[in-house]
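The values are calculated or read from the model by the stated rules, or taken from the named source; none is laboratory data. Please read these numbers as outputs of a predicted model, since none were measured by experiment. In this analysis, Cβ positions are derived from the backbone assuming ideal geometry, glycine residues included, and neighbour counts consider all displayed protein chains. Remember, those area values only see protein heavy atoms, side chains included, never the ligands or the DNA or RNA. Shrake-Rupley method; radii C 1.70, N 1.55, O 1.52, S 1.80 Å.
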Amino acid sequence: MTDFLNTWGLTAIIFVPLIGAAVMMLIPEREEEAHKQIALLTSLVTLGLVAALMIDFDYDDAGTLQFVQDKGWIDVINSRYIIGLDGISIPLLALTVLVVPLVIIYSWHHIPNPGNAKAFLILNLILETGMVGTFIAQDLILFFLFFEVVLLPMFFMIAVWGGEDRRYASLKFFLYTLFGSALMLLGFLALFFLAQDPATGAALHSFDMRLLTESAGSGIVHSTQLWIFGAMFIGFGVKVPIFPFHTWLPDAHTQAPTQGSVILAAVLLKLGTYGFLRIAIPMLPEAATTWAPWIGLVAVIGIIYGALGCLAQTDMKRLIAFSSVAHMGFVMLAIATMTPFGFNAAIYGMVAHGLITGMLFFVAGSVKERYHTLDISRLGGMLIQAPKLGWILGIVSMASLGLPGLAGFWGEFPAILSAYSPANGLSEVTFRTYMVIAAVGTVLAAGYLLWLYQRTAMGEPSAEFADDPNITDVNTQEWLAWTPLLILIVVFGVLPGLIFDVTDPAVTQILDNCLQQPDGCTSVVQAAVGG
Amino acid sequence: MFAVFAMAGEHFSRPPIDWHAASPELILLGVGVLLTVIDIVWKERARALVAGLASVGLLAAMIPVITLAVDGEPRSMFGGAFVVDDYALIMKAIFLLSTYVVVLMSTNYISEGDYWENEYYGLLLTSVLGMLLMTSARDLISIFVALELLSIPAYMLSTWRKRDLKSNEAGMKYYLMGVFASAVMLYGMSLLYGSSGTTLLSGINEAVSGSGGPSAVVTLGIVFVVVGFAFKVSAVPFHTWAPDTYEGAPTPVTAFLSVASKAGGFVGLMNILFVGLIGRDDVYQPLIWILAAASMTVGNTVALRQTNIVRMLAYSGVAQAGYMLAPLAVLSTDVVTTGGATTIVADQALAATVTYLAIYAAMNLGAFAVVMAVARKTRSAEIDDYRGLFRYAPGLTVLMTVFLFSLAGIPPLGGWFGKFRVLEALISPGTAWGSALAVVVAVNSVVAFYYYGRVAVKMWVEEVPDGNMDRVSVPASLAAALAITSVVTLAFGVGPGLIGHFTQVSLLVGVGG
């Protein structure tokens, strides 16, 4: 049994959601209960499989890929079906398979207009396949395929079940991401043709991410590396989203149904940062050193811009969307330091942001359902009318602004700290300046979140809603969907080692090509440019 | 060449014929003749039979294609003017299968529309016969004959709705443009013949390639030949006939033109470029670079403004022609190493275009099949009449979405692999021009998504305009066409190895140097 799990477990978590979706396609639309049950069951089976794999996982060797499957796939382009799990993938994979069942539970009585639970839940499951696949793929083409598979269901979720402006928002979301991934694919192809085996100098001609990481861009001229990295930077950067590519995000979040927003915030944005951690930087460390100060710059611009954007918002969901831009700025800043400490902080930030912002969107969805508006100026007095909902919003806002003891703190604080000493070859002055700016960003974050909380939860309920019978407190489905997230926000706040211990070996391993050099990445640079 | 005539003067001896190699063409010819005879003898009573007979003929012609492929030996006849190799066979298979789908799409359309049926299928088969010949033609004369054989029936088919003014306009425009293109091409061919003294492509290659620049005559010959084919594949700026012809012609004929006829043009172009002119990359590379970049950019930009879905698909077809032309812009005899094995850039370009043609055939035919199915209810091809399709025809909506997104190149649908091969072929030589064209392709795919995605949004999101929620009745044969095209589109996307294996072909080896 364990053997079977270790061999086929990873493949199973990719395909189980698809099997569930296929079964649901055969059942007529009117059997709504059956659809919900099958969808939930499928996502729980996936969660169970991931839990079993996590138990079997050898944490002492978290830097090595485990449960690896390597099979022929598209021979003519030398692309293979390679999947594997290591310490970087585990937290993100676990986050994904946790969020999907919670979203399905939340959907039990909350299928957004115009209904059709069948199609909505099938899309959720296809989305899960895409997200899971992206986090465990170890072949660039396979990665690309899953990365793109995610687009379609999310496009339809926004376009069909979204708000007023859903047509505009869905097309904008798709076009931005497609633009990024088209350039990213060109980058992958260039890597395929140019990368060399560092030992022999022979051309690799492989999409195998393990080999390309080992090769770490050896044999590619510096200027070409910069171009390839640039293509990937746009590809992943749009997804993150990094300032100035972020404009799709507020529209997509505002128009998406609650479930779509939650998945978008909790998992989809992480696909971009994961791409930087797993592909762009390890495969082209030399180009990354040149790019890093600029990545850091757009990251801190994102932090400040996102925070200022939040202060100007009148719509609660749009405000949370802009706070995502700011929070992902912290993650990108940590990544730009190119140190193991920064990478660990980034992964922690990704998980924390996933839990917290996912939760914030859940709350926003429930507020919208009760008040039929998210206009902050019309809300108020939630603590009186729906005290539990108000308190949950309070806790999550505190977590989001980085209060110590909650998960958000460990996402933000180490990220800032990591900028104090960036990798060798990066300017300390520049990054310490970024550090100061980022620290200002946390103050602004406290500002906009507390202000939001004050305006929506405190005070007296506005006259408009004072006697509205629709405004009820948290119901059973909501408790079921939210409790795991709330517990994890607290647990990860108290025990940060739960994640850091898993990611650290893997992060060290993937940055090994830089670290094994006495001077870090600079010596790689010098060796490559011959200077 | 002259020696042959001299010999014929004394005692004519028939050149040896490899009957096995010629059998796909012969079967089609036989069935075509049979259709005509049945028509003459049975008149109206034949109507019930012809569609079935035509499909049987197309599938029967597949049998020798398969046996020849299993045999695997390249065969050559008539002094190298007619060659059957892997490349010819895969293209023959694409032509036969896509025409089979066209017959499935035509069955109800033609009989319900009360059009001439027997002649319709007769002409359709004749046109396919021309395409099959084209795949094997390695000689200027046989290429020209094949081109006319595939074109002339297509002119007539475009006017099949003869009481409809638009259909007449379609056929007339197509005919005039086509004849003009043929004339230009023929002139180019005569220049090539004049400067090389042979009509055989391999002979032309020996004569025109070599160090030192090409003579003005050769350059002009190459330009004219390429321009002639550019009309056929509807590449910008020679695409102006396509939207009007597509809109006016009966929809199954449009599907046939946009897939089979376009592929026929590509096959002819590739034969001439790969076998006859490969050494003159200094002439054709810039020419094709411009044609490809212009086709994609103009096709996609103009498609953004279309309100009629057939016209939109016509412009999308122009853009798709640009993608398929792109690998030919880096075509050369240079050698690169891929995955340990060395390949010639030319082979990679050929494999890319052939792969794209195969996938394009499936997804584009599928899109037209949905257009036909929807028009059965709405009697319209306006994009606005697709609003709310999901409410009353969810199955067709899902299929249309699959085809449109595949055309846009979104994984995991077939189109992505075609585009991937094109990008791969463009980047592999490592030249600045190739990489620049790859960027043009990438940016264009994003632009293209806007109009494909817009149709998807209309189908899924908006309300039904007139509130008419009647279901769309899809006849069995059209449903079969939809099933075949959608399965193929999905299969190529998830398991590209399926098609990748067959399209890994070479033209340079087949010709024997």
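For B:Val56 paired with B:Ala491, estimate the spin-label separation in nm (one decimal), with each label point 7 Å from Cα along the Cα-to-Cβ line.
2.5 nm
When the dipole is taken about the Cα centre of the protein assembly as shown, and only Lys, Arg (+1) and Asp, Glu (-1) are charged at their Cβ, what size is it in debye, to the nearest 20?
1920 debye
Kindly express, to the nearest 10 degrees and within the range 0 to 90, the angle between helix A:497-510's C-alpha long axis and the longest C-alpha principal axis of chain A.
It works out to around 30 degrees.
Take peptide A:176-189, look around each residue's Cβ out to 10 angstrom, count Cβ atoms belonging to other protein chains, and average those counts.
5
Helix by helix through chain B, keep the DSSP H runs that span 24 Å or more along the axis on Cα and average at least -1.0 on Kyte-Doolittle, and give those back in order.
Sorted by number, the helices that extend far enough and score high enough are B:19-42, B:47-71, B:86-112, B:118-136, B:140-158, B:165-196, B:216-232, B:281-303, B:345-378, B:432-461, B:476-494.
Could you pull out every residue, at least 5 positions away or on a different chain, whose amide H is within less than 5 Å of the one on A:Asp315? Hs are placed 1.01 Å off N in the peptide plane, and Pro or chain starts have none.
For A:Asp315, whose amide H was placed from the backbone, the distant partners under 5 Å are A:Ile376.
Taking the dipole about the Cα centre of the protein assembly as shown, with the C-beta of Lys and Arg at +1 and of Asp and Glu at -1, give me whichever of A:Ala292, A:Thr476, A:Val45 is farthest to the positive side.
A:Thr476
Trypsin sites (Lys or Arg not before Pro) within region B:230-310: which are DSSP loop residues with at most 11 other Cβ atoms inside 10 Å?
B:Arg305
Computed over the Cα atoms of region B:170-265, what is the ratio Rg over Rh, Rh following Kirkwood?
1.09
Over what distance in Å are the Cα centres of region B:211-259 and region A:3-54 separated?
Centre-to-centre (Cα) distance: 50 Å.
Over the Cα atoms of region B:16-502, compute the convex hull volume and normalise it per residue, giving Å³.
Dividing the Cα hull volume of region B:16-502 by its residues yields 134 Å³.
Please compute, for the alpha-carbon atoms of region A:252-304, the extent along each of the three principal axes and give them in descending order in Å.
Cα extents, longest axis first: 41, 26, 12 Å.
If you filter region B:443-513 for trypsin sites (Lys or Arg not before Pro), then keep DSSP loop positions with at most 15 other Cβ within 10 Å, what is left?
B:Arg471
Run the reach check for B:Lys162 against lysines, Cα to Cα strictly under 24 Å, same-chain hits fewer than 8 apart removed. What comes back?
Candidates past the 8-residue exclusion: B:Lys43, B:Lys173, B:Lys232, B:Lys262, B:Lys377.
Give the dimensionless ratio obtained when the Cα radius of gyration of chain A is divided by 2.2 N^0.38 Å.
Working it through for chain A, the quotient is 0.94.
Shielding of A:280-291 by partners, i.e. mean partner chain Cβ atoms within 10 Å per residue?
Mean shielding by partner chains, rounded to a whole number: 0.
Which FRET efficiency, nearest 0.05, do A:Asp75 and A:Asn113 yield, Cβ-Cβ r, R0 41 Å?
0.30
Add -39500 (n - 2.57) for each DSSP H run of 4 or more in chain A, then divide by its residues: what number comes out at 222 nm, to the nearest 500 deg cm²/dmol?
Helix-only estimate at 222 nm: -23500 deg cm²/dmol.
What is the angle, in °, between the Cα long axis of helix A:222-239 and the longest principal axis of the Cα atoms in chain A? Nearest 10 is fine, range 0 to 90.
Here the helix axis deviates by roughly 10 degrees.
Got a sec? Which residues in region A:77-96 would a label at A:Ile27 touch, if it sits 7 Å along Cα→Cβ and we count backbone N under 11 Å?
Zone members listed by number: none at all.
Relative contact order for chain B: what is it in percent, counting Cα pairs under 8 Å that are at least 6 residues apart?
Result for chain B is 14 percent.
Taking each residue of B:461-472 in turn, how many C-beta atoms of other protein chains fall within 10 Å of its C-beta, and what is the average?
Mean shielding count: 1.
Angle check, please: helix A:117-136 long axis (alpha carbons) against the longest principal axis of chain A (alpha carbons), in degrees 0 to 90, nearest 10.
Tilt of helix A:117-136: around 30 degrees.
Quick one: divide the alpha-carbon radius of gyration of the protein assembly as shown by 2.2 N^0.38 Å and tell me what you get.
Computed over Cα atoms of the protein assembly as shown, the ratio equals 1.00.
Tell me, what is the FRET efficiency for B:Val439 and B:Arg305 to the nearest 0.05, using R0 = 22 angstrom and their Cβ-Cβ distance as r?
0.35
Percent relative contact order of region B:7-118, based on C-alpha pairs within less than 8 angstrom and at least six residues apart?
Contact order relative to length: 31 percent.
Report relative contact order for chain A in percent, whole number only (criteria: Cα-Cα under 8 Å, sequence separation at least 6).
With pairs under 8 Å counted, the relative contact order is 15 percent.
Å³ per residue of the Cα convex hull, for region A:8-92?
So the per-residue hull volume is 118 Å³.
Could you tell me which of the pairs A:Lys368/A:Lys388; A:Lys172/A:Lys270; A:Lys36/A:Lys317 are separated by over 23 angstrom between their Cα atoms in the structure shown?
A:Lys36/A:Lys317
Give me the distance in nm between label points sitting 7 Å out from Cα along the Cα-to-Cβ direction at B:Arg47 and A:Gln454, one decimal.
Roughly 8.2 nm, to one decimal.
Using mean Cβ contacts within 10 Å as the protection proxy, how do A:29-37, A:141-149 order, highest first?
Sorting A:29-37, A:141-149 by mean packing, highest first, produces A:141-149, A:29-37.
Could you pull out every residue, at least 5 positions away or on a different chain, whose amide H is within less than 5 Å of the one on B:Asp139? Hs are placed 1.01 Å off N in the peptide plane, and Pro or chain starts have none.
B:Leu201
Cα centroid distance between region B:50-101 and region B:347-386, in Å?
23 Å
On a straight-distance basis, which aspartates and glutamates could pair with A:Lys71 in a cross-link, Cα separation under 17 angstrom, same-chain partners fewer than 8 positions away excluded?
The reachable aspartates and glutamates, counting only those whose Cα sits under 17 Å from A:Lys71, are A:Asp139, A:Asp208.
Please give the solvent-accessible surface of B:Thr401 in Å², to the nearest 10, using a probe radius of 1.4 Å with every protein chain present.
My reading of the accessible area for B:Thr401 is about 10 Å².
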